[in-house]
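Notes for the one structure printed next.
The values are calculated or read from the model by the stated rules, or taken from the named source; none is laboratory data. Given the structure is predicted, the values throughout are model-derived calculations rather than measurements. Positions of Cβ are backbone-derived with ideal geometry, glycine not excepted, and every protein chain shown enters the neighbour counts.
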Amino acid sequence: MYNIEGLLILSISILLLLPILDINPYFVHIIILSTMFAVMAAGWNMLAIAGPVSLGHATFFGLGAYFTYFSLTSGNISSYVALLVSVGVALTITIPIGYITFRFRITGIYFALVTIAFAEVLRQLFISLREITGGSLGVSLFIKEQSYLHFIFDSKMPYYYLVISIFLTIFLINKLALNRFLKILTVIGNDELTAASMGINILKYKLLAFALSSIVNSIMGWFYIHYLRYITPDVAFGLLTSVEIIIIGILGMLNFAGIFFASLFIIPLGEVLRAALGGVYAGLNIFIYGLILLLLVIIRSIRIGKR
Amino acid sequence: MIPSIYLQVLINGILLGGLYILLAIGLNIVTGVLKIINFAHGDLVMLGMYVAFWLSVFFGLNPLLILPSSFIVLGVIGLLSYVGVFSFVLRAGDFEHLLSTIGLGLLLQGLAQLLWKSDYRLLKFELPPLLIWNIYISPVMLSIFTISLFASIILYMFLLKTRTGIFIRAVAQDSEMASLVGINKRKIHLITTMIGFGFAGLAGGLLMLMFPAYPTAGFVYGLLAWVIMVIGGLGSVLGAFIGGLIIGIIEVSFATFYNIELARAVAFILFITIIALKPSGLLGERARV
């Protein structure tokens, strides 16, 4: 357990030092995307260890991206305010949904269905409200001049450092401040009845986990729109984004360090398949994602069957 | 007197609802018997659409005559997925079921995109509309409605009357007990998977008469099938009828007066509300939570 975390610290420090050498911008781009997905999968994982499997976690990412865009284009608002807005939106969505689902004990498949249906509601809404959201073509952020106020830079490097430090911060917060909290979540995930009989307020902890995980994802949405400056409803609320998050979470064996390495494997794989073979073999990345997911689950099931 | 536009919407809604019933029934039987959460259903429907499309393009046949082949091809895919996937994950938990079927769906979706690109494929299948009392009835929709009701009733009778159907219902009710009285559980699971997948293919073949096929088409249909099934209640055939009609009417009325995306959004909001208020569905016997 400690070894893999040591490995994580080591690789992050290598990544932070790497730009001293002159590295390829495409490589930088892939590392940025991988770290971004690692953060999102870590957020998803926070809820998953308590039991509920969310199939629509891209929702919060998408809302974060869209609401950052709305606030940045609505006037001379700085990115820091936009960050607060997107986190606020994520919270106003998760608290009622989480309260309803956890209060009425909607777990397992039903929770997954609610989250996937909710993501789909938002996708269809954002496609249909063409005047505000640009329909299925999405929106692009046009801010030309570089500024710290709007987090717009010409070079990729500020984003590189930003996303890695966000990941590091979340990792350290998890390790140092949330240790007890995460253990309680694990207990709830293992056996809810036992947890309840020990006096743990399950509703409260699940809600907290859901809120935290949605905040983490909306921060990544905020980051994404600053970095790529373009978002469409299919990326923001589509199943594929959520599935990528889930594959990374499961391949990472539901722990923080594992997720980072899983993301460093899955995202470059997807990018290479899309970029190198995308023209001739479009769809190969989806096919391989499906294959990986199937193999992972079959191996997992065989292991469960042997136990 | 009801203005004819509302009556028109109602009739179109009922006709579309008939198709949605068939969409949900394939999912319903797999979920009811295998107790597996089949998220690949939509992609199976998509594959059924492609089978109908290619066969009618290659052989120039009437798409209605090709419907059985959609059923058979998807039945074979059911056989393959049972042997390759379900037989392994069946004993694991909900989590594994969910992810394995998502994986299967992605696999099929990627395959469709690899083989046939992401172009929209549409069949030209048109018949002159019927006009009865100032209401237009599309003969295509009417034939889809008739076929899907007919197929659903055949399945219902099969489950009710035949020996295999009784075995299937026994396994659905209590699989342990069914094994104890000498029913081969694995065989019944396999047959059910093939029938359920076949019905997904049939629904796809019918959808192909009205809607375009493309690799990601399945997602919405799969989700709609889930919505209908949960609204009606898991494992309830009558529930699927009511759920299909409700969703059909909602979709047609919102699509007529607003737009289709909003119609789907409303259907999914209704679904979330019903899950929150009555997880067992409108006609479900007991909550399975």
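The figures follow:
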item	result
Residue among A:GLY98, A:GLY138, A:GLY189 that is in contact (Cβ under 8 Å) with a residue 40 or more places away in the chain, surrounded by 15 or more Cβ atoms within 10 Å (Cβ to Cβ) and on the phi > 0 side of the Ramachandran plot	A:GLY138
Filtered residue count, segment B:8-26, keeping only those that are among the aromatic types (Phe, Trp, Tyr) and surrounded by fewer than 22 Cβ atoms within 10 Å (Cβ to Cβ)	0
Matching entry among A:LEU296, A:LEU284, A:LEU251 (being more than 10 Å from chain B (Cβ to nearest Cβ), crowded, with 17+ Cβ neighbours inside 10 Å and more than 14 Å from the chain's Cα centre (by Cα))	A:LEU251
Inter-residue pairs, beta-carbon under 8 Å, first closer than 20 Å to B:LEU61 by Cα and in segment B:123-150, second acidic (Asp, Glu), 6+ apart	B:VAL140/B:GLU126
Counted residues, segment A:124-158 - those being over 17 Å from B:ILE260 (Cβ atoms) and among the β-branched types (Val, Ile, Thr)	4
Filtered residue count, segment A:212-243, keeping only those that are outside any helix (DSSP H, G or I) and crowded, with 23+ Cβ neighbours inside 10 Å	1
Selected residue (criterion: nearest to the other protein chains (Cβ to nearest Cβ)) from residues of segment B:84-97 that are surrounded by fewer than 19 Cβ atoms within 10 Å (Cβ to Cβ) and in contact (Cβ under 8 Å) with a residue 24 or more places away in the chain	B:ASP94
Qualifying residue in segment A:101-108 (condition: in a helix (DSSP H, G or I) and touching a residue at least 60 places away in the same chain (Cβ under 8 Å))	yes
Test set (1) within 13 Å of the chain's Cα centre (by Cα); (2) more than 10 Å from chain B (Cβ to nearest Cβ); (3) buried (at least 20 other Cβ atoms within 10 Å of the Cβ) - A:ILE246 fails condition number	(2)
Tally of residues being surrounded by fewer than 16 Cβ atoms within 10 Å (Cβ to Cβ) and free of Cβ contacts under 8 Å to residues at least 60 places away in the same chain across segment B:170-210	10
Search result, residues across segment B:56-84 that are at pLDDT below 85 and aliphatic (A, V, I, L, M)	B:VAL57, B:LEU61, B:LEU64, B:LEU65, B:ILE66, B:LEU67
Whichever residue in segment A:98-120 is small (Gly, Ala, Ser) and facing chain B (nearest Cβ under 7 Å) and, among such residues, is nearest to the chain's Cα centre (by Cα)	A:ALA112
Those residues of segment B:199-241 which are outside any helix (DSSP H, G or I), within 14 Å of another protein chain (Cβ to nearest Cβ) and of a type in the set (Phe, Trp, Tyr), in sequence order	B:TYR214
Residue among B:LEU104, B:LEU115, B:LEU74 that is in a helix (DSSP H, G or I) and within 8 Å of chain A (Cβ to nearest Cβ)	B:LEU104
Unique match (being modelled with pLDDT of 80 or more and outside any helix (DSSP H, G or I)) among B:ILE246, B:ILE183, B:ILE195	B:ILE183
Hits in segment A:254-281 (condition: within 12 Å of chain B (Cβ to nearest Cβ), small (Gly, Ala, Ser) and either within 30 Å of A:LEU178 (Cα to Cα) or not in a loop (DSSP other than H, G, I, E, B) (or both))	A:GLY270
Residues satisfying the stated conditions in segment A:179-206, i.e. β-branched (Val, Ile, Thr) and more than 24 Å from the chain's Cα centre (by Cα)	A:THR194, A:ILE200
Residue that is modelled with the lowest pLDDT, among those in segment B:249-289 that are assigned to a helix (DSSP H, G or I), surrounded by fewer than 20 Cβ atoms within 10 Å (Cβ to Cβ) and small (Gly, Ala, Ser)	B:ALA276
Of the criteria (1) modelled with pLDDT under 85; (2) assigned to a helix (DSSP H, G or I); (3) more than 19 Å from B:LYS187 (Cα to Cα); (4) not aromatic (Phe, Trp, Tyr), which one B:GLY42 fails	(1)
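Here is a yes/no grid of residues against (1) more than 13 Å from chain A (Cβ to nearest Cβ); (2) touching a helix residue (DSSP H, G or I) at 6+ places or on another chain (Cβ under 8 Å); (3) within 22 Å of B:LEU64 (Cβ to Cβ):
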position	(1), (2), (3)
B:GLU176	yes, no, no
B:VAL181	yes, yes, no
B:GLY243	yes, yes, no
B:PHE254	no, yes, no
